[in-house]
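The values are calculated or read from the model by the stated rules, or taken from the named source; none is laboratory data. The structure presented is a predicted model; accordingly, all values stated were derived computationally and were not measured. Here the Cβ positions follow ideal geometry from the backbone for every residue, glycine too, while neighbour counts run over all protein chains shown.
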């Protein structure tokens, strides 16, 4: 009896301790959460990874902000903006009285200097590439509050680029120490934590005129271990968990009731594909299987996607039928039908191509047993479970699948460099809904055209057609034309199955119920996108 | 003169060990798959940045010889290079993280030894063997439990920290070996004779056992040091200790060669120095025998 | 002495019984270790599944039994090989000229400092991806045996060195015993407890290391059940919160380790 009593007592003491910790934090007006790894850079112009991107989002003052919730542009440092009818001139009118976090005034001079630094090849700013031809872009400031950007040709969705450029004091890049965004970097201990303090000169005010952000500071611990992350959330040391893994979601819901959220399908996809690269070191007969549309469709038909969602993701995923998730309401092709497993239809497709089942399993027309390896990365439990489920599903067709998990660099070497693999299963994170951001996956010339990278000319007619439609949508200004093109691409992909889409993992996150004003979005950062209007509940 | 020579030879031994370990690390990592890759290559948003980084690396060290040359050139200037992952000098990273790891390692090893020694002496001193089944059961459980699981249990139950896990890990392995060693030593004729004469256990321990087992104890200490070093990675990762183990793991998974080489240098120096002690034990014994 | 009489045979019987029971379960059960009962995921004990199912709906009894057979065979063989290697090198070094001994110890130190994980990655890269799960398991245990040996070499060397310089050995030598005879009659019996302890320590290490190598594409791959992976599941709080049957593999391992200990060591009461 006594033994059982002890943990209860300990838990009681503990909850007292953690409640005190939370109160102390509320008193400090600070919130805490974690980044999975150190930001590669604090220089907002050089951001090229997710952690740095997150830091830039909270610290950088930008001309325009994409409201992550409504997915619409909102003027930020710019009071207004417009694009000329030919798309070659973008003009920004700055707000009056803007200041950097050190109190110095922010004028068009600073904006021009920042943009020029981003465009400079020596900076190697990833955002520069989005201007398509950064070398020919020029910037000028006719007066202290106007900035003009001259483009050599129209850039679709050009406003988005300015959401990624944080304005810094002219010629004094400070790596986030002097900013025009809601927070500034106050302290950074590599491998431990990052402390962001409120910018007292942030331009935004709430409806009652109170200066934003409400929070005084934010602490981002660098924490790779998920167990620790969840434990600290349950103990109320953290107020936010972005991306909760599906296998711990239900448990977390019990441990921290009222704080976990399943927001439905995310923009991300999980997919499986076969290596169709002609230069890969695979035997000729395997290349023949993988380039066969019937073979790919048969595999797709044999997979029970509902089981994948229900078992591998404990129900926190949505069966997939294409590369645009239903969460992406504007671009999702509603005509596409869900794929339901149908083993006999799959076998019929295979039989037409000369495959037949023997006692030992499926063999092709030349008598080669259908046996292949399925590569995936180690460490993603849901994906590993999916691989096992798919392995089992394909035995119904007589296919023998070897699941091989590799560490990421070894996997990338095979997928991107040596092409020495048969099939692979990975996820694709879509950070924004606009299909232009997926160009490098769909254009046959792109190195990220996974099933057959960097084709000199499209290998098949349907790939040529995808190229054509994707380019068309990128160049068109009319949304209707773009939508038609993207719908067509979705249809081709559904027919050809170069990527066999499995599920859309749901967006799972946890937020302390003590916070007010949290808005969720499918775009990064998914939980704290409206950081400037989040505050502790008054009752605390 | 002879002393100076001995010192020189031993020093040379440690230095060459450290150098060979560093060169070996470069060869192993360079030959392993995935050296010329970047995790961003697969990420649609940052793919071109990733590819550019890979190309830059390939241009700099296209061959194994080039990789070795780059590192050796750096060492000759007293530099351990620049971390690929963090883009800061490796020495700075080591400096930031050495304290946490050395504290954990020394504390863990010391506590582990003390625990296993105390347990061994306690059990071997007693004539009855009543406690043995319980000890056997708990050591079996501790041996069967993966370090990660032990760490997770501690984390969830909020009992014990990283040092505790490390100490327990070392204690259970050392105890297993130590206890058998001691039991065997206790059955040696001269010890049995001494016991029959009615010498106290403490005296037997001092006069007979410590002398005969000295070298083995040192080797055992050396072994537990190696065990602790290998357990450092999972323990630091799970408890989120910003130490060298965590750094080494990240470096291995991101193919950050300069960092991994530097961590290997530190580990090799530790092992080299520890083995000096172990060797000194054996040499001393040789002297005694001669 | 009486205790030794009673305990050791009992341990043998229990160990044999465990192995036979596992064999019987694997061969006689209507379930297959790879069969996924997708309507019964992560369930506790039921009429169909006597110890419940895992997270893919596979019968836990059959999987544990198969993992036990596979893991025990692999880990025992790997551990025996590693310990034998360590003893051989240690004894060899102790009886060899000093410079050879020092070189061997030097090599062992070097071996301990190198990041062998990259060698394993290279091995994996040089193998075909279609390596069958059984071959992958065999290869992994063999590699583990090779990589595990150096940790124990120094302890064996010190022990063998002490034995070499013992008076009774000199006596034996003086009375004309040949080296092989000396080794068989005197040296090896003195190293036996050390050998057995190493063996016992390394069995679970092998099992867990095998599971770790799964992340590099080696190890016992799906759908074969891996004892190490079952133990590693205990690292996830989500698993612990599920059925208490997740502790079955570790309970079995503890029992097997205890039995092995009782079988291997004479109980000298």
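Descriptive notes on the structure:
- Within the stretch C:186-202, the residues that satisfy the criterion of being more than 8 Å from every other protein chain (Cβ to nearest Cβ) and within 12 Å of the chain's Cα centre (by Cα) are C:199, C:202.
- When the stretch C:8-37 is filtered for residues that are over 19 Å from residue C:223 (Cα atoms) and either in contact with a strand residue (DSSP E or B) (Cβ under 8 Å, 6 or more places away or on another chain) or outside any helix (DSSP H, G or I) (or both), nothing remains.
- Of B:121, B:115, B:93, all but one fail to be within 30 Å of residue B:203 (Cα to Cα) and under 23 Å from the mean Cα position of the chain (by Cα); the exception is B:115.
- Lone unmet requirement of (1) within 23 Å of residue A:174 (Cα to Cα); (2) surrounded by 14 or more Cβ atoms within 10 Å (Cβ to Cβ); (3) out of contact with any strand residue (DSSP E or B) (no Cβ under 6 Å at 6 or more places or on another chain) for residue A:63: (3)
- Scanning the stretch B:231-278 for residues that are outside any helix (DSSP H, G or I), buried (at least 24 other Cβ atoms within 10 Å of the Cβ) and more than 10 Å from chain C (Cβ to nearest Cβ) turns up B:243, B:256.
- In the stretch A:32-83, the residues that are more than 30 Å from residue B:84 (Cα to Cα) and in contact with a helix residue (DSSP H, G or I) (Cβ under 7 Å, 6 or more places away or on another chain): A:63, A:64, A:66, A:73
- Helices (runs of 4 or more DSSP H) lying entirely in the stretch C:161-269 (those with 1 or more residues that are over 21 Å from residue C:84 (Cβ atoms)): C:167-174, C:188-213, C:227-232, C:237-241, C:248-264
- Members of the stretch A:254-268 that are more than 13 Å from every other protein chain (Cβ to nearest Cβ) and free of Cβ contacts under 8 Å to residues at least 24 places away in the same chain: A:257
- Test: residue in the stretch B:57-67 that is buried (at least 19 other Cβ atoms within 10 Å of the Cβ) and part of a helix (DSSP H, G or I): yes
- Just one of (1) part of a loop (DSSP other than H, G, I, E, B); (2) in contact with a strand residue (DSSP E or B) (Cβ under 9 Å, 6 or more places away or on another chain); (3) under 22 Å from residue A:268 (Cβ atoms) fails for residue A:337. It is (2).
- For the stretch A:56-99, a tally of residues being part of a strand (DSSP E or B) and within 26 Å of residue A:477 (Cβ to Cβ) returns 17.
- Between A:316, A:304, the distinction of being more than 25 Å from the chain's Cα centre (by Cα) and closer than 30 Å to residue A:521 by Cα belongs to A:304 only.
- Any hit, the stretch A:396-405, residues being under 24 Å from residue C:140 (Cβ atoms), within 8 Å of chain C (Cβ to nearest Cβ) and assigned to a helix (DSSP H, G or I): no
- For residue A:457, the test of being in a loop (DSSP other than H, G, I, E, B), in contact with a helix residue (DSSP H, G or I) (Cβ under 9 Å, 6 or more places away or on another chain) and more than 30 Å from residue C:55 (Cα to Cα) is passed.
- Residue match in the stretch A:370-377 (condition: touching a helix residue (DSSP H, G or I) at 6+ places or on another chain (Cβ under 6 Å), touching a residue at least 40 places away in the same chain (Cβ under 8 Å) and surrounded by fewer than 19 Cβ atoms within 10 Å (Cβ to Cβ)): no
- Residue match in the stretch B:34-48 (condition: away from every other protein chain (no Cβ under 13 Å), more than 22 Å from residue B:263 (Cβ to Cβ) and either modelled with pLDDT under 85 or in a helix (DSSP H, G or I) (or both)): no
- The residues in the stretch A:354-366 that are out of contact with any strand residue (DSSP E or B) (no Cβ under 9 Å at 6 or more places or on another chain) and either at pLDDT below 90 or farther than 23 Å from residue A:495 by Cβ (or both) can be counted, and the count is 2.
- Look at (1) more than 14 Å from chain C (Cβ to nearest Cβ); (2) buried (at least 23 other Cβ atoms within 10 Å of the Cβ); (3) in contact with a strand residue (DSSP E or B) (Cβ under 8 Å, 6 or more places away or on another chain) and you find that residue A:305 fails only one, number (1).
- Any chance residue C:57 is assigned to a helix (DSSP H, G or I), in contact with a helix residue (DSSP H, G or I) (Cβ under 8 Å, 6 or more places away or on another chain), away from chain B (no Cβ under 14 Å) and surrounded by 16 or more Cβ atoms within 10 Å (Cβ to Cβ): no
- Flag for residue C:123 being within 14 Å of chain A (Cβ to nearest Cβ) and either in contact (Cβ under 8 Å) with a residue 40 or more places away in the chain or part of a loop (DSSP other than H, G, I, E, B) (or both): yes
- Filtered by the rule that a residue be surrounded by fewer than 20 Cβ atoms within 10 Å (Cβ to Cβ), more than 10 Å from every other protein chain (Cβ to nearest Cβ) and farther than 21 Å from residue B:21 by Cα, the stretch C:91-120 gives C:92, C:95, C:96, C:97.
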